[in-house]
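Read the structure below first, then the notes.
The values are calculated or read from the model by the stated rules, or taken from the named source; none is laboratory data. Please read these numbers as outputs of a predicted model, since none were measured by experiment. Methodologically, a virtual Cβ is constructed for each residue, glycine included, from the backbone with ideal geometry; neighbour enumeration extends over all protein chains shown. Areas reflect the complete protein model, heavy atoms only, side chains present, ligands, DNA and RNA absent. Shrake-Rupley method; radii C 1.70, N 1.55, O 1.52, S 1.80 Å.
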Amino acid sequence: MFVKIKDWLSKRAYLLFFLIISIWFMGFASYTSPLFYFDYSPDNNCFFTVGKALMHGILPYKDVFEQKGPYVYLIHGIASLFNGHSLLGMFPFEVLSLFLSMYIVYKIARMYTYQLAACAIAILMPLFQLFHPYYNYGDTVESLLFAAMLSLIYTLLKADRNQFVIARWDWTLQGFLVGLTFLMKYTLLGGWIIFYLAMFGYYVKKKMWPEISKLIGWSALGFAIAVGPWLIFFLATHSLGDFFHVYFYENMHIYMLSNNSVFAKFIESLTIYSSFLRQDPLIFLCGFLGYVYLLFSRSAFKSAWGKMLFVMMMVVNAAFIVYGYHSGQVYQYYELAFFPYLVIPGVFALINAIKRFDVKITEKNESMVLISRALLSFFLVLGVNDNILSSRIFPNNGSVTLNQTNKPQQPAQIEFGRIMRAQSKGRPTMLNYGSIDMGFYTTSGALPSTYYFQNYNIPHSKAPEILDSQLNVIKKHQVQWVVLNTPAGKKINKWNGSPTISGKIISGNINPGTKKIAKPLLKNYRVVTNHTQNFESANVTYWLLKRK
């Protein structure tokens, strides 16, 4: 028995290698890593705030307004149990995401080449998942679901080699991933939608009735496993209506930037995707040229149907991700979800190169080859992701302070958080005025005490109730602390907001203006301190105010 265990472990040593690489690479790329001072991402801190609130019985959608799916908040809530004052608890989830992506790429490559070659190919995969600025701070839904999207492509590749007969386990897994994605960010479902519709039509045409039963029955089981517990939760907490209103209605009506027809929006999406494929030489090589290569070769897909289905999945996936957005108005981290489809041409280019040049990796040279591939991959990642320049390795960098000093500094989030925790009796109460969550709920330990605990990327004219309710909290001095920001050099009573984008958050997560609220704010609150640092190419001053 021990011999069998030893043999099993030796054959799967690559899993440990993938895990080490995942920890190593994420340590340098993700702001959730211990190497970084703080994760400054407004979205990530928002997820963390709502997740932490969920752990304390405060219900998303019903008690606090936020529009991502419930699994996003559950994951961040679990992370908050590890560390309530930073996003360090998300680091293991980030590592797991990269590890699973490498493992799936290994499984894809293993179908076409020998084990050590598949390992060497998988080691180069992080280049795609960590590509900056699409992978910006990390911890995005697109990054967390990267492996899930790759698994769908893996299922298609397996089906193409097996006359499109798909095992029950695979249908169950894909049904579960559909449910998971549906309750995290449903705009990432494009690939699954076309896959299921196309496979159903294929089975009907071929009269493969048992396969239709497997598709429906086992996929429904997986979907129910993912969605059922949340349905029970929302019914038990009488919040199902709030969930539907915020997650579906608000997302579809308030966040949509394009008012064009359905067809026009689809064309806009394809225009954005086409532009994306031309933005970078590597993306163009693996994308446009890589797709053409896959279509005209039999290296990946053996059937014309498999090729056509892959292209349809890629196109619909791309269309859904940016559907309803204009070119130039897309948040770049959305486009990370394009990358799982870019991985595939790169994988098969390497497989074919190994076959053409008869590359042999044996027990004698495997350590040198795999380690050298890991170092090459790390070098390539550093070439496309320079997040490490904002880490502790570079003290007092612009994301921490703009002061010219050799004395070790901390960013505003950590500095203000310590003050609030020290000067509050029990858990602090605070309001993040005018901008998306800036991370002060995270560092102070405060929980949302008002429905609109932050502002959103929505013009004031579209949803005036957000800032109006925040102003009401200030007028009634309902919280002990208020945190807001202005451009560097602007005082609270002088910042009118952007003259060109009235009533909307501007670049740098700077709020739409503080002059209009200065009178009631400074009447009820006094300035404790301020701190200036750089955020997304903008010099931002953060202000901490305490109730008088």
Which of the numbered conditions does Val540 fail, given that it passes all the others? Conditions: (1) without any contact (Cβ under 8 Å) to a residue 60 or more places away in the chain; (2) surrounded by 15 or more Cβ atoms within 10 Å (Cβ to Cβ); (3) farther than 23 Å from Arg421 by Cβ.
(3)
Can you name every one of the helices (runs of 4 or more DSSP H) wholly within the range 404-499 that holds 3 or more residues which are open to solvent by 30 Å² or more (accessible area, probe 1.4 Å)?
412-422, 465-475
Does the range 516-525 contain any residue that is at pLDDT below 95 and either more than 20 Å from Pro428 (Cβ to Cβ) or of a type outside the set (Lys, Arg) (or both)?
yes
Examine the range 180-195 for a residue that is closer than 14 Å to Gly306 by Cα and open to solvent by 20 Å² or more (accessible area, probe 1.4 Å), and state whether such a residue exists.
yes
If I filter the range 14-35 down to residues being open to solvent by 10 Å² or more (accessible area, probe 1.4 Å) and of a type in the set (Phe, Trp, Tyr), which single residue comes out as nearest to Trp230 (Cα to Cα)?
Tyr31
Checklist (1) surrounded by 22 or more Cβ atoms within 10 Å (Cβ to Cβ); (2) within 19 Å of Met125 (Cα to Cα) applied to Val322, failing item
(2)
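So which of Glu415, Glu366 is of a type in the set (D, E, K, R) and at pLDDT below 95?
Result: Glu366 is the single residue among Glu415, Glu366 that is of a type in the set (D, E, K, R) and at pLDDT below 95.
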For residues that are part of a helix (DSSP H, G or I) and under 19 Å from the mean Cα position of the chain (by Cα), tally how many sit in the range 104-134.
5
Looking for whichever is farther than 25 Å from Cys286 by Cα, open to solvent by 60 Å² or more (accessible area, probe 1.4 Å) and either of a type in the set (A, V, I, L, M) or in a loop (DSSP other than H, G, I, E, B) (or both) here; the options are Ile393, Ile388. Which one fits?
Ile393
Failed item in (1) in a helix (DSSP H, G or I); (2) among the hydroxyl-bearing types (Ser, Thr, Tyr); (3) open to solvent by less than 10 Å² (accessible area, probe 1.4 Å), with Thr401 passing the rest:
(1)
Residue that is most open to solvent (accessible area, probe 1.4 Å) [pool: residues in the range 69-104 that are among the hydroxyl-bearing types (Ser, Thr, Tyr) and touching a residue at least 40 places away in the same chain (Cβ under 8 Å)]:
Tyr103
Only residues that are buried (at least 18 other Cβ atoms within 10 Å of the Cβ) and closer than 29 Å to Asn136 by Cβ: list them for the range 352-377, please.
Arg373, Ala374, Ser377
Looking at the range 135-162, which of its residues are closer than 25 Å to Gly69 by Cβ, in a loop (DSSP other than H, G, I, E, B) and either open to solvent by 10 Å² or more (accessible area, probe 1.4 Å) or touching a strand residue (DSSP E or B) at 6+ places or on another chain (Cβ under 9 Å) (or both)?
Asn136, Tyr137, Thr140
Enumeration of residues in the range 325-340 that are surrounded by 21 or more Cβ atoms within 10 Å (Cβ to Cβ) and part of a loop (DSSP other than H, G, I, E, B):
none
Residues of the range 500-512 satisfying the condition of being of a type in the set (A, V, I, L, M, F, W, C) and either modelled with pLDDT of 95 or more or part of a loop (DSSP other than H, G, I, E, B) (or both)
Ile501, Ile505, Ile510
Look at Phe378 and say whether it is of a type in the set (A, V, I, L, M, F, W, C), under 18 Å from Leu289 (Cβ atoms) and at pLDDT 95 or above.
no
Report, by residue number, each residue of the range 349-365 that is over 19 Å from Leu289 (Cα atoms), of a type in the set (A, V, I, L, M) and in a helix (DSSP H, G or I).
Ile354
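Gly513: open to solvent by less than 20 Å² (accessible area, probe 1.4 Å), farther than 28 Å from His76 by Cα and of a type outside the set (A, V, I, L, M), yes or no? Full working, then the answer.
Working: open to solvent by less than 20 Å² (accessible area, probe 1.4 Å): yes; farther than 28 Å from His76 by Cα: yes; of a type outside the set (A, V, I, L, M): yes.
So Gly513 passes the test.
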Which ones in the range 44-67 are open to solvent by 20 Å² or more (accessible area, probe 1.4 Å) and within 16 Å of the chain's Cα centre (by Cα)?
Gln67
Within the range 42-62, how many residues are touching a helix residue (DSSP H, G or I) at 6+ places or on another chain (Cβ under 9 Å) and under 16 Å from Tyr456 (Cβ atoms)?
9
